[in-house]
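The values are calculated or read from the model by the stated rules, or taken from the named source; none is laboratory data. All of these numbers come straight from a predicted model, not from anything done at the bench. We place every Cβ from the backbone using ideal geometry, glycine too, and count neighbours over all the protein chains shown.
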Amino acid sequence: MDEHNDNNRSIEERLRAIEDRLEIYNLIAAHPPSADTGANQFVHAVYTEDGIIDLAGGKHASGNEAIAAMVQEPGHRAAIQGGLAHFASLPHVQIDGDTAVVTSYLQILAPHPTAEPVEVPNHGMSRGFRIHRVGANRWELVRTQAGWKIKRRILRPLDGSEPAREILRAALTACEDRA
Amino acid sequence: MDEHNDNNRSIEERLRAIEDRLEIYNLIAAHPPSADTGANQFVHAVYTEDGIIDLAGGKHASGNEAIAAMVQEPGHRAAIQGGLAHFASLPHVQIDGDTAVVTSYLQILAPHPTAEPVEVPNHGMSRGFRIHRVGANRWELVRTQAGWKIKRRILRPLDGSEPAREILRAALTACEDRA
Amino acid sequence: MDEHNDNNRSIEERLRAIEDRLEIYNLIAAHPPSADTGANQFVHAVYTEDGIIDLAGGKHASGNEAIAAMVQEPGHRAAIQGGLAHFASLPHVQIDGDTAVVTSYLQILAPHPTAEPVEVPNHGMSRGFRIHRVGANRWELVRTQAGWKIKRRILRPLDGSEPAREILRAALTACEDRA
């Protein structure tokens, strides 16, 4: 929110801040395709060696080797075979030098196994999809020689419990200087 | 859509247009976190003093004091406790000097209270979430000394009625010079 | 992902790459409004004359005349009257000179015709919306004198079948040089 207040920045600095932002958008946009195809090599490449993933329900892994292995677990592969889709909202991005925090919402979708099929004109019959989970994501990023990488990802369910709201509130503090 | 047709713009003007766009993305991305945490101070800061919010069903408020108070109403707080999630699509942004119009879709989600729990492999059991509302948002923004702020927000339900389509059509008129 | 590795690019080249990206975001963000209002003139303008649309279920059209006509078909208009909403995720964008590939997720939503109405505090009663389809989109774009246009769009259902995963995997290959 401070882009226009800092008039001392050079063109190079401003271009770099913009390119950082766009690179980060692509990094976040690549998460659903990697999760929904079990792309362990990609996951390995976008987490730092000491990266941490901290999902809801106590699912946790340390190190990009272990994190990459998660998307190839038999259970995860079974979910993919069943039609898993991660769906990402417009993320909020705060860059501070060589680190960044991204806050985003995530839906985890799967085909509904039993709902009565419904027809939508011109769009055929379908049982439709269920929203299995909705969560708040906090992505802590660092700049590396190989581009922006994920140092820590935290996901908490938006089911009325406090931890998800803590993640969301943290996105707003960066904007408070607006007031 | 006219970025490449205007070759007379200076580097400064082009950088500023880009920074405006990215600042606006973050402003729109901050809406769901503020709505889902009842962040009245943040809402106060991002609306102009004479800002207007015009939601579906006749819910309406004038002035950033009144708009900020909405997210702290007992009913809204009860919705948050129940697991409210605003989910934002990729927005369409048209900037025209010191004003801008953003058109976006919004889902309002909440945990399903009664659906039969379903298991997704590796993702546990869940009753899932309902999409309570889907709407088209029109955000009218103005540039201020403290960054881009919201002067008027209009939300209309995408339930087949005309007002939502009017909002969506207005986003396309800015692109018509492409033809 | 290579923005910072190519230090030989001029300011002009860097600005142009950024402006390309932002123009493409608006092009993709305009798809749901055009589909949900039947905006055939807009669709005609954003596809190349020899453009191709290749939707799931064998729905296919060649040429921007035929593609534009699709959103005015009686069946599509009936779906719009019923409350059709296309909902777009954050897209992944790979630009390579005068061509680009965009990978995105899409939800096709419609009001639930029969579900038991549920009340969400402060948000009224609603039968809610169904997710009728979830798909992976591949958009192949080309730069023209009139801005970026769509040369081919492929949509495949995320129902566990292979073609959607092929689309998603292709988005990740562009990132593999990160490893």
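Here are the numbers for this structure:
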read-out: Residue within the stretch A:40-56 that is touching a Gly at 6+ places or on another chain (Cβ under 7 Å), at pLDDT below 95 and more than 26 Å from B:Lys149 (Cα to Cα) present; value: yes
read-out: Check on A:Arg153, more than 14 Å from chain C (Cβ to nearest Cβ), of a type outside the set (Phe, Trp, Tyr) and under 14 Å from A:Leu55 (Cα atoms); value: yes
read-out: Unique residue being within 8 Å of another protein chain (Cβ to nearest Cβ), out of contact with any helix residue (DSSP H, G or I) (no Cβ under 9 Å at 6 or more places or on another chain) and either buried (at least 19 other Cβ atoms within 10 Å of the Cβ) or of a type outside the set (Asp, Glu) (or both) when the list is A:Leu90, A:Leu109, A:Leu22, A:Leu84; value: A:Leu109
read-out: Residues of the stretch C:115-130 satisfying the condition of being closer than 25 Å to B:Val71 by Cβ and not acidic (Asp, Glu); value: C:Pro117, C:Val118, C:Val120, C:Pro121, C:Asn122, C:His123, C:Gly124, C:Met125, C:Ser126, C:Gly128, C:Phe129
read-out: Candidate set: the stretch A:137-150, residues that are among the hydrophobic types (A, V, I, L, M, F, W, C) and surrounded by 19 or more Cβ atoms within 10 Å (Cβ to Cβ); chosen: the one farthest from A:Arg165 (Cα to Cα); value: A:Trp148
read-out: Hits in the stretch B:30-43 - residues which are at the interface with another protein chain (Cβ under 7 Å from one of its Cβ atoms) and either over 20 Å from A:Tyr105 (Cα atoms) or not small (Gly, Ala, Ser) (or both); value: B:Pro32, B:Pro33, B:Asp36, B:Thr37, B:Gln41, B:Phe42
read-out: Odd one out for C:Ala79, checked against (1) surrounded by fewer than 21 Cβ atoms within 10 Å (Cβ to Cβ); (2) within 12 Å of chain A (Cβ to nearest Cβ); (3) over 29 Å from A:Ala30 (Cβ atoms); value: (1)
read-out: Failed item, numbered, when C:Val71 is tested on (1) out of contact with any strand residue (DSSP E or B) (no Cβ under 8 Å at 6 or more places or on another chain); (2) over 30 Å from C:Arg169 (Cβ atoms); value: (2)
read-out: Test: C:Glu12 is more than 8 Å from every other protein chain (Cβ to nearest Cβ), without any contact (Cβ under 8 Å) to a residue 60 or more places away in the chain and in a helix (DSSP H, G or I); value: yes
read-out: Selected residue (only one of A:Ile28, A:Ile67 is closer than 29 Å to B:Val118 by Cα, surrounded by 19 or more Cβ atoms within 10 Å (Cβ to Cβ), in contact with a Lys or Arg (Cβ under 9 Å, 6 or more places away or on another chain) and not basic (Lys, Arg)); value: A:Ile67
read-out: Condition met for A:Glu73 (surrounded by fewer than 21 Cβ atoms within 10 Å (Cβ to Cβ), farther than 23 Å from B:Ser126 by Cβ and either in contact with a Leu (Cβ under 9 Å, 6 or more places away or on another chain) or modelled with pLDDT of 95 or more (or both)); value: no
read-out: Residue check, B:Arg156 buried (at least 16 other Cβ atoms within 10 Å of the Cβ), part of a strand (DSSP E or B) and in contact with an Asp or Glu (Cβ under 6 Å, 6 or more places away or on another chain); value: no
read-out: Matching entry among B:Thr37, B:Thr48, B:Thr103 (being hydroxyl-bearing (Ser, Thr, Tyr), closer than 28 Å to A:Phe87 by Cα and touching a residue at least 60 places away in the same chain (Cβ under 8 Å)); value: B:Thr103
read-out: All positions within the stretch C:112-143 that are of a type in the set (D, E, K, R) and over 30 Å from the mean Cα position of the chain (by Cα); value: C:Glu116, C:Glu119
read-out: Test for B:Val134: is it more than 13 Å from chain A (Cβ to nearest Cβ), of a type in the set (A, V, I, L, M) and either touching a strand residue (DSSP E or B) at 6+ places or on another chain (Cβ under 6 Å) or surrounded by 19 or more Cβ atoms within 10 Å (Cβ to Cβ) (or both); value: no
read-out: Single residue of A:Leu90, A:Leu158 found to be of a type outside the set (Phe, Trp, Tyr), over 17 Å from A:Gly57 (Cα atoms) and modelled with pLDDT of 95 or more; value: A:Leu90
read-out: Tally of residues being closer than 24 Å to A:Ile167 by Cα and not in a helix (DSSP H, G or I) across the stretch A:26-39; value: 1
read-out: Leading residue by the ranking (farthest from B:Gly135 (Cα to Cα)) among those in the stretch C:116-129 that are in contact with a strand residue (DSSP E or B) (Cβ under 8 Å, 6 or more places away or on another chain) and facing chain B (nearest Cβ under 8 Å); value: C:Val118
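Residues checked against (1) within 30 Å of B:His112 (Cβ to Cβ); (2) modelled with pLDDT of 95 or more; (3) among the hydroxyl-bearing types (Ser, Thr, Tyr):
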position	(1), (2), (3)
B:Gln145	no, yes, no
B:Lys149	no, yes, no
B:Glu166	no, yes, no
B:Thr173	no, no, yes
B:Ala179	no, no, no
